[in-house]
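Asker: Okay, here's the structure, questions in a sec.
The values are calculated or read from the model by the stated rules, or taken from the named source; none is laboratory data. Bear in mind the structure is a predicted one, so any value in this text is a computation, not a measurement. All Cβ positions, even for glycine, are placed from backbone atoms using ideal geometry, and neighbour counts span all protein chains on display. Accessible surface areas use protein heavy atoms only, side chains included; no ligands, DNA or RNA. Shrake-Rupley method; radii C 1.70, N 1.55, O 1.52, S 1.80 Å.
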Amino acid sequence: MPERGNDRLESFFKKVSGRPDISFEEEDWKKLEARLDAKEARSSVAKRSRNRIAGASAIAVLLVGGLYWLSQPSLEQTSTGTESKETSASASNVVHDEPLPLAKDLGTEKENNSTVNTRASNASVESRTAANRINKAEKRRDEASGQNSLVNATQRPDEVNQPDLDQQSAERFVETLVAGFAATQINDIDGSSASEDIKTSPATADKIKQKADTADSVVTEKNGVKVIDAYGSGLTEHPASPRLSLLLSFAPDFSTVAFDYYTDPGQSFGLMVNYHVKRSWSFSAGMVKSFKKYIGDGDDYTPPNDYWRNNTNGIIPETVNGSCNVLEIPIMVQYTVADKGKNRFLVGAGASSYIMLNQAYKYNFDQPNPGAKQGWSSHKTSTLFFNVINVTAGFEHRIFPGFMMGIEPYLKIPIEGIGWSDLKLYSVGASFTLRYIILNQKNSAVAVPSRGPD
Amino acid sequence: LEDFTKTLLEGCLRGHRESQKLLYKEFYGYGMSISLRYASNRDEASEILNDAFMKIFSNLKKFDITRPFKPWLRKIFVNTAIDHYHKKQREIQVEDMDVAKNESDTEKILSGISYQEVIGLLQKLPPAYRTVFNLYVIEGYTHEEIANLLNVAVGTSKSNLFKAKEQLKILLSDFFEKDYARTR
């Protein structure tokens, strides 16, 4: 075999090939232009699909946001609440000067207003009454130096057994009751205030509970502590916080390889166990079985070395339709952003392990490709640990005691390729969820009047 | 990169059709010269050319616009031609042709033949021979590289090159004999 370059034949062909004498053919361009147009049309379809997905995601987020917004008190109710809170603050300022006849008032209220109305209009009247009372108290501020303080009144042995009930607690207590007359909400009670407020004596708690019962109140719990809506406003509802719950989910699952193409949605069914370590924080784990469908450019797939060469005459398919059944094992951390009445708004993040149960691919060539394989499929199971990041946001509504229904948009981001073709498969969707609360958080039947002024 | 080519590439990146056409026209001759050497006929060369340009337009965003464009273009054309070779490999039965026993004098054939005629001769070679010949002689690949690209043994690559050359000698000889007869 002659050495490279020593052959005159080689030199000749090299020389000739370097002097091409080729004129442009418009016909060739027209053929290419037709293909470019076709590709553009496909891209346009893909773009529309992408817009549809983006639209559906936006709708899901808006839906969740809307449901959350709807779960908030109305403007009127909020306004009344604000007014009452202000009143409460004022009340706390004057409480030392005006020994409000707490027990008497309670009794009077109980007798005269045994059907304490839960409506905001009545609350407003009550609020004004309370405000008048406070104004009068302010006027008599200078005259009241010799009067007993409310602290003393509230520390009567028949009402208060707790010896260390301090003045501040008394203030808060009275504030709560004044605010209660005004039918305000106590939905801003947080863990710290609750823990402080539970120092209220059992006798006081009984009193409040009695009042609450009369006023058609709701006795619930927060941070493991029973919260008594003593105001009977009906505006505040504190459902039991779940400790352990089961979550069933179903979702139309949109999967894509590179956000270029979308196909009909697959499906996803899941069963998760959720454990609340705190009221706001919870962990969940479970199993989700998903049927995923996707389309990608042939270049997006990375099959084993020489696969295309050995099986498709070296031609990489224009597009590849893929589908797979995946068993997903997610481990999630969730945070309850808001918990208002029957509604909860939560966000979550975590990672999933994927068990690929089976997969199938169909190749699409833009030109006939005789002898090439048309696809590939496998039932071989493969597992990848924590290779997908999950991000979710959800809204849940209590439909029955112990049952919550919700919607939870999600995004699954791969951190490494899965399957035979080492595919980075993104998934978006919105799960419809049904939560069954197996176990509520530990009850502490202590009355929580309200949070005091900070 | 020339300013004109750079401007065209920027237009192509934006999907501007006129820029695509101008780029196509600009590199049509170059691309076709590569395609013709690998193809069996002009139609196939046109197919390779357009496939390569489709790849170029689709993957232009991967190309570093500050680097020379022509080597990248050439690589895509050669790879596309090899893709076509694989595609055709199953369609065409390669017929063994008798290797000429007598070496003709190559000196006399090095002049008096046009580019189109040379390409015509190359296209008469079986695809396996032609592809190896092009990759080895024109593109400068080694037999190991060719073997890897075409998924054949190194020995097959060497053998195909040898056969390609022998066959080209015969074809050239025939060409000049006919030419001589015509002009006589």
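Asker: Of A:L357, A:L271, B:L73, which has the most accessible area and how do the rest follow, probe 1.4 Å? Please report the intermediate quantities before stating the final value.
Answerer: Numbers: A:L357 50, A:L271 90, B:L73 0 Å².
These residues rank, largest area first, as A:L271, A:L357, B:L73.
Asker: Still on this structure, I have one more. Could you report the accessible area of A:S282 in Å², rounded to 10, computed with a 1.4 Å probe on the protein chains as they sit in the structure?
Answerer: 10
Asker: Given labels modelled 7 Å from the Cα in the Cβ direction, how far is it in nm from B:T7 to B:N41?
Answerer: Distance between label points: 4.0 nm.
Asker: Hey, another quick one. Report the local net charge at A:P317: Lys and Arg +1, Asp and Glu -1, summed over other residues whose C-beta lies under 12 Å from its C-beta.
Answerer: So the environment of A:P317 carries a net charge of -4.
Asker: Mind listing the long-range amide H neighbours of A:A430? Cut-off is under 5 Å, sequence gap 5 or more, other chains count too, H placed in the peptide plane at 1.01 Å from N.
Answerer: Here the answer is A:Y410, since their amide H atoms fall under 5 Å of that of A:A430.
Asker: Tell me the per residue accessible area of region B:1-84 using a 1.4 Å probe; a whole number in Å² is fine.
Answerer: Accessible area per residue, region B:1-84: 44 Å².
Asker: Taking a threshold of 23 Å on the Cα-Cα distance, which of the pairs B:K124/B:K169; A:K15/B:K61; A:K373/A:K412; B:K62/B:K87; B:K25/B:K165 fall above it?
Answerer: Cα-Cα > 23 Å for A:K15/B:K61; A:K373/A:K412; B:K62/B:K87; B:K25/B:K165; rest within.
Asker: Before we go on, tell me the buried accessible area for the A/B pair, both chains summed, 1.4 Å probe, in Å² to the nearest 100.
Answerer: 4400
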